[in-house]
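Enquirer: First the structure, which I've put down as structure tokens, then a few questions once you've had a look.
The values are calculated or read from the model by the stated rules, or taken from the named source; none is laboratory data. Values in this document were obtained by computation on a predicted structure and should not be read as measured data. When we count neighbours, we look across all protein chains shown, and the Cβ atoms used for this are built from the backbone with ideal geometry, even at glycine. To get the accessible areas, we keep the full protein, side chains included, count just its heavy atoms, and leave off ligands, DNA and RNA. Shrake-Rupley method; radii C 1.70, N 1.55, O 1.52, S 1.80 Å.
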Amino acid sequence: MPKIMIDNRDVEVEPGATVLDAAQKLGIAIPTMCFLRGHEATTSCMVCVVKLTGANGLVPACGTVVQDGMRVENDSEEVHEARKAALELLLSDHVGDCAGPCQMGCPAHMNIPQMIRQIAAGDLSAAIATVKRDIALPAVLGRICPAPCEKACRRKQHDEAVSICLLKRYVADADLQTPSPYLPTCAAKQNKRVAIIGAGPAGLAAAYYLQQDGFACTLFDDHEEPGGMLRYGVPESNLPRDVLAAEIVQIQKLGVAFRLGTRVGATISMQEIRAQFDTVFLGCGALKAEDAASFGVEASPEGIKIDNQSSATSVPGVFAGGDAVRKRRLTVRAVADGKEAAESIRQYLMGVGWASAHADNSPRAFRSRMGKLQEGEMDAFLQSASRKSRHGPSGTNSGFTEEEARAEALRCLRCDCRKADACLLRQQAQTYDARQARYKADRRRFLQQTQHPDVIYEPGKCIGCGICIQIASRAGEKLGLTFVGRGFDVRVAVPFDESLAEGLKAAAAQCVQACPTGALAFKDGHAGR
Ligand code: SF4
Ligand code: SF4
Ligand code: SF4
């Protein structure tokens, strides 16, 4: 049996095995995009390349049969660079948005398209969970946010933006009116204490997320009531205080403690706080440089100086965010700062290094972007959206009724990708830090084939791996799928220009599951989703 070495580890495999098989036997993960076990290797994506010592160039691990004595490099800079370049080539003419433009425009990166779909489906308990995953005070922001998400909304290119902010307010208000408004599940207690200075939007948001992570949070504020500038700066006509109070109660219910009327530096010193707590978050609102210095941290012309990635100040264990670090910003930015700092604090308290690969909705996650639509592309988006114009709420200063909210939700163009959480291309692009714009190529046209009852096909996301063609053929599809076009433009289509419904009668679900990108995806509401 042939023996080879991968990254200096010996392995013996059956004759005829590939380098990919050998790596798997060693537990070494080699990324693949176009390979599906049990199917013929097409070696079209070149993401699985490895280097054979002594040989010139790189070879695809999935299609290279081992020869006795081979020495394989899988974990070198050269191999990483080659994989990254292969991914960047695949991305260069890719057309799709992993996240909707609205989500990219929201400083808190809330998953707006998902919330809108949940509203349209009448599933408000799912919608509030979506909202509160990223926004701790949605009923508040639903009233005072200038809605940068709506400025980014694609629907504006057709008529007017979807009324996102009022939809969020509708979800949050409906939740607060239920007998037991939404409370997230908290992790087991961690035996770590966090002091949060300032019970304004940034501090409240930080407490909301850290308490969920199992840390005991105490909010300090020199005012008698929590809320910071929301209570003491925003006119009551814009933000009724009962709404603010109701959302703060939800934070309190998680177990967050409040020490109000307590001025740090007067009632209690920063040294005492440092001694009593494991970490500190400074969310104390706009500050002068000398005030920043009184917390013992370095100041910048704007306030407290922080590392933009981690929200860490110059003092280990002390973090800051909101108006304390940058003046006159949107409240939603302060709420987002609180959430981002909470993540850094969690990592600090758990003793893990700063993680660059975050959850899908993190600002740092990889996202393909298609940018401005080309002529005629809006028609594809409008296929499944309501053509009605933007709805306003019927009463002055009131929110949407259920009927109005649903009608407005149906205007959404569903710009985000249906495979955003499962796309291999996206996952590998994140792992290899690939940049979509590295190789300049004209992007393909955005097209959508929607005739199939369960499946949507977006050819601009197809990487030409051929997996679906093999699956359809093995499943005995009469028409099945085939490659059309040549070279860089090769794509999958149904022969004789027939529709996908004709090409995939039995194997559609299997093709969707195996497709490594969002090119083949289930329609919304399909049981496979
Ligand atoms: S196919 Fe993948 S990379 Fe492309 S938009 Fe969808 S999730 Fe993003
Ligand atoms: S149409 Fe919908 S998904 Fe697209 S940007 Fe607007 S709200 Fe977001
Ligand atoms: S549509 Fe078919 S060929 Fe294109 S990426 Fe998906 S599985 Fe591969």
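Enquirer: Pop out the carbon and sulfur fraction of the accessible area of the chain as a percent, whole number, probe 1.4 Å.
Expert: That share works out to 49 percent.
Enquirer: OK, next. Where in region 453-484 are there trypsin sites (Lys or Arg not before Pro) that are in a DSSP coil and have at most 12 other Cβ atoms within 10 angstrom of their Cβ?
Expert: For trypsin sites (Lys or Arg not before Pro) across region 453-484 that sit outside H, G, I, E and B with at most 12 neighbouring Cβ atoms in 10 Å, the list reads Lys478.
Enquirer: Figure the gain on full extension for Leu330 and Leu382 (residue separation times 0.36 nm, minus the Cα-Cα span) and round it to one decimal in nm.
Expert: That works out to 15.5 nm of additional length.
Enquirer: Give me the 1.4 Å probe accessible area per residue for region 266-343, excluding ligands and nucleic acids, in Å².
Expert: Each residue of region 266-343 exposes 44 Å² on average to a 1.4 Å probe.
Enquirer: So, one more: Label-point separation (nm) for Ala245 and Ala289, each offset 7 Å from Cα along Cα-to-Cβ?
Expert: Each label point lies 7 Å from its Cα, and together they span 4.2 nm.
Enquirer: Kindly flag which residue pairs out of Lys132/Lys523; Lys253/Lys419; Lys84/Lys168; Lys168/Lys523 have an alpha-carbon separation exceeding 30 Å in this structure.
Expert: Lys253/Lys419; Lys84/Lys168
Enquirer: Something else now. What full-extension length gain, to one decimal in nm, is calculated for Gln276 and Glu298 as 0.36 nm per residue of separation minus the Cα-Cα distance? Present the calculation step by step, with values, prior to reporting the outcome.
Expert: Numbers: separation 22, 0.36 × 22 = 7.92 nm, distance 2.19 nm.
Answer, rounded to one decimal: 5.7 nm.
Enquirer: Compare the Cα positions of Met270, Leu504, Leu349 along the charge dipole of the chain (+1 at Cβ of Lys, Arg; -1 at Cβ of Asp, Glu; about the Cα centre) and return the one farthest towards the positive end.
Expert: The Cα lying farthest towards the positive end belongs to Leu504.
Enquirer: So if we plug the beta-carbon distance of Phe483 and Glu224 into 1/(1 + (r/R0)^6) with R0 = 60 Å, what FRET efficiency do we get, rounded to 0.05?
Expert: Efficiency computed from Cβ-Cβ geometry: 0.25.
Enquirer: Further question: Would you compute, from DSSP H runs of 4+ residues alone, the mean residue ellipticity of the chain at 222 nm, taking -39500 (n - 2.57) per run and dividing by the full residue count, rounded to the nearest 500?
Expert: Mean residue ellipticity, 222 nm, calculated: -9500 deg cm²/dmol.
Enquirer: Taking the Cβ-Cβ separation of Lys253 and Glu403 as r and a Förster radius of 25 Å, what is the calculated FRET efficiency to the nearest 0.05?
Expert: For Lys253 and Glu403, the calculated efficiency is 0.20.
Enquirer: Which one of Ala429, Ala493, Cys468 has its Cα pushed farthest toward the positive end of the charge dipole of region 373-529, where Lys and Arg give +1 and Asp and Glu give -1 at the Cβ?
Expert: Checking the options against the dipole of region 373-529, the answer is Ala429.
Enquirer: OK, next. Report the relative contact order of region 409-529, percent, no decimals, based on alpha-carbon pairs under 8 angstrom and at least 6 residues apart.
Expert: Values: 162 pairs, mean separation 36.9, N = 121.
For region 409-529, the relative contact order is 30 percent.
Enquirer: Still on this structure: Rounded, prolate or oblate: which fits region 368-451, taking a ≥ b ≥ c as square roots of the Cα gyration tensor eigenvalues, rounded meaning a/c under 1.5, else prolate when a/b beats b/c?
Expert: Note, shape of region 368-451 comes out prolate.
Enquirer: Could I ask something else about it? Say each of Asp10 and Glu78 gets a label point 7 Å from the Cα, pointing the same way as Cα to Cβ; how far apart are those two points in nm?
Expert: That separation, rounded to one decimal, is 2.5 nm.
Enquirer: Roughly how many debye, to the nearest 20, is the charge dipole of the chain about its Cα centre, given +1 on each Lys and Arg Cβ, -1 on each Asp and Glu Cβ, and no other charges?
Expert: For this selection, approximately 520 debye.
Enquirer: Measuring from a point 7 Å past the Cα of Tyr439 along Cα-to-C-beta, which residues in region 471-515 have an amide N at less than 19 Å?
Expert: 484-492
Enquirer: With a probe of 1.4 Å, find how much accessible area region 37-190 has per residue, and write the answer as a whole number in Å².
Expert: 39
Enquirer: Averaging sequence separations of C-alpha pairs under 8 Å and six or more residues apart, then dividing by the length of the chain, give the relative contact order as a whole percent.
Expert: Working: 1036 pairs, mean separation 85.0, N = 529.
In percent, rounded to a whole number, it is 16.
Enquirer: Something else now. Have a look at the DSSP beta bridges in the chain and tell me what percent are antiparallel, nearest 5.
Expert: Taking every DSSP beta bridge within the chain, about 50 percent pair in antiparallel fashion.
Enquirer: A follow-up question, please. With a 1.4 Å probe and every protein chain left in place, work out the accessible area per residue of region 442-529 in Å², rounded to a whole number.
Expert: 48
Enquirer: Express in whole angstrom the spacing between the alpha-carbon centres of region 40-101 and region 444-497.
Expert: About 23 Å separates the Cα centre of region 40-101 from the one of region 444-497.
Enquirer: Is the chain best put as rounded, prolate or oblate by its Cα gyration tensor, with a ≥ b ≥ c the root eigenvalues, rounded for a/c under 1.5, and otherwise prolate when a/b is larger than b/c, oblate when not?
Expert: Oblate, because a/c is 1.5 or more while a/b does not exceed b/c.
Enquirer: Run the quick spin-label model on Glu40 and Ala187: label points 7 Å from Cα toward the beta carbon, then report their separation in nm to one decimal.
Expert: Placing both labels 7 Å along Cα→Cβ, they lie 4.8 nm apart.
Enquirer: By per-residue mean of other Cβ atoms within 10 Å, what is the highest-first order of 7-17, 463-473, 72-82? Intermediate values should be presented prior to the final figure.
Expert: Details: 7-17: 13.5, 463-473: 22.0, 72-82: 15.9.
Per-residue Cβ counts within 10 Å, averaged per peptide and sorted highest first, yield 463-473, 72-82, 7-17.
Enquirer: Past 30 Å, Cα to Cα: identify those pairs from Lys156/Lys305; Lys25/Lys339; Lys288/Lys339; Lys339/Lys461; Lys440/Lys505, in the order given.
Expert: Those over the limit are Lys156/Lys305; Lys25/Lys339; Lys339/Lys461; Lys440/Lys505.
Enquirer: Sort region 407-484 into rounded, prolate or oblate with this rule: let a ≥ b ≥ c be the square roots of the eigenvalues of the Cα gyration tensor; rounded if a/c is under 1.5, and if a/c is not under 1.5, prolate when a/b is larger than b/c, oblate otherwise.
Expert: Since a/c reaches 1.5 but b/c is at least a/b, the shape of region 407-484 is classed as oblate.
Enquirer: So if we plug the beta-carbon distance of Gln67 and Ala475 into 1/(1 + (r/R0)^6) with R0 = 41 Å, what FRET efficiency do we get, rounded to 0.05?
Expert: Efficiency computed from Cβ-Cβ geometry: 0.70.
Enquirer: Size of the dipole of region 68-124 about the Cα centre, Lys and Arg at +1 and Asp and Glu at -1 on the beta carbon, nothing else charged, in debye to 20? The partial results should precede the final answer.
Expert: On the way: 4 positive and 10 negative charges, 86 e Å.
Taking the Cα centre of region 68-124 as origin, the dipole is about 420 debye.
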